[in-house]
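Chemist: Once you've had a glance at the structure underneath, I'll fire off some questions.
The values are calculated or read from the model by the stated rules, or taken from the named source; none is laboratory data. Bear in mind that the values here come from a model prediction, so they are computed numbers and not experimental data. Cβ coordinates were reconstructed from backbone atoms using ideal geometry, including for glycine residues, and neighbour counts include every protein chain displayed.
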Amino acid sequence: MSDSAMIVSSHDISEVEFQEFIVALGGWGGPLLRAAVSEGQSTVWIGLLRVNDYSGLYDDYLDDWARCLGGRAITVLEMQLDHTEGARDLYLRIAYEFGRLWKMFLVDIDDSYVPYELVRARCVNQ
């Protein structure tokens, strides 16, 4: 099974914003708000989800997410990493670029909550 991570945001990302974000990263979008970004041999698959559309799925996390964001979580980008070494750098870059645009935090591959400031520091130090 591949590693997964999530970007959780208080921004209500439109379909157009999502597609523009993916294209700006050099990725491509598909149906049902699915996309992929590749770099070298690595690919990260991304799904755009709205918290309200998945009643019950995230309920156990909503209070923690609101504390991390300082507001209500609205959007989740679920990321599936392939098994290449570069996929870990790529998903961090995706989270970094997302955070430059919108308020977010990362639910890392080990399920830890990583604020944008630490995501940025990890990317700068790579």
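Rundown of residues vs (1) of a type in the set (A, V, I, L, M); (2) without any contact (Cβ under 8 Å) to a residue 60 or more places away in the chain, yes/no style:
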residue: Tyr54; (1), (2): no, yes
residue: Leu62; (1), (2): yes, yes
residue: His83; (1), (2): no, no
residue: Leu90; (1), (2): yes, yes
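Chemist: A further question follows. Do you know which of the residues in region 56-101 that are aromatic (Phe, Trp, Tyr) and buried (at least 17 other Cβ atoms within 10 Å of the Cβ) is modelled with the lowest pLDDT?
Modeler: Initially, region 56-101 is screened for residues aromatic (Phe, Trp, Tyr), giving 58, 61, 65, 91, 96, 98.
From what's left, buried (at least 17 other Cβ atoms within 10 Å of the Cβ): 61, 65, 91, 96, 98.
Working: Tyr61: 89, Trp65: 93, Tyr91: 95, Tyr96: 97, Phe98: 97.
It comes out as Tyr61.
Chemist: Something else: Which of the strands (runs of 3 or more DSSP E) found entirely inside region 69-126 contain at least 1 residues meeting this: more than 10 Å from the chain's Cα centre (by Cα)? Walk me through how you get there before you give the answer.
Modeler: Values: elements: 75-81, 104-107, 113-115.
Passing ranges, in order: 75-81, 113-115.
Chemist: Pairs needed: first member in region 20-35, within 19 Å of Trp102 (Cβ to Cβ) and without any contact (Cβ under 8 Å) to a residue 60 or more places away in the chain; second member anywhere, aliphatic (A, V, I, L, M) and not in a strand (DSSP E or B); C-beta distance under 6 Å; at least 6 residues apart or different chains.
Modeler: Sorted first by the residue in region 20-35, then by its partner, the pairs are Gly29/Ile22; Ala35/Ile22.
Chemist: Going by the conditions given, is Asp53 more than 23 Å from Gln19 (Cβ to Cβ), modelled with pLDDT under 95, out of contact with any Cys (no Cβ under 7 Å at 6 or more places or on another chain) and assigned to a helix (DSSP H, G or I)?
Modeler: Numbers: more than 23 Å from Gln19 (Cβ to Cβ): no; modelled with pLDDT under 95: yes; out of contact with any Cys (no Cβ under 7 Å at 6 or more places or on another chain): yes; assigned to a helix (DSSP H, G or I): yes.
In short, no.
Chemist: So how many residues does region 15-50 have that are of a type in the set (Asp, Glu) and either touching a Leu at 6+ places or on another chain (Cβ under 6 Å) or assigned to a strand (DSSP E or B) (or both)? Talk me through it step by step, then tell me what you get.
Modeler: Just the residues of region 15-50 that are of a type in the set (Asp, Glu), to begin with: 15, 17, 20, 39.
Those left that are additionally either touching a Leu at 6+ places or on another chain (Cβ under 6 Å) or assigned to a strand (DSSP E or B) (or both): 39.
Residues in region 15-50 being of a type in the set (Asp, Glu) and either touching a Leu at 6+ places or on another chain (Cβ under 6 Å) or assigned to a strand (DSSP E or B) (or both): 1 in total.
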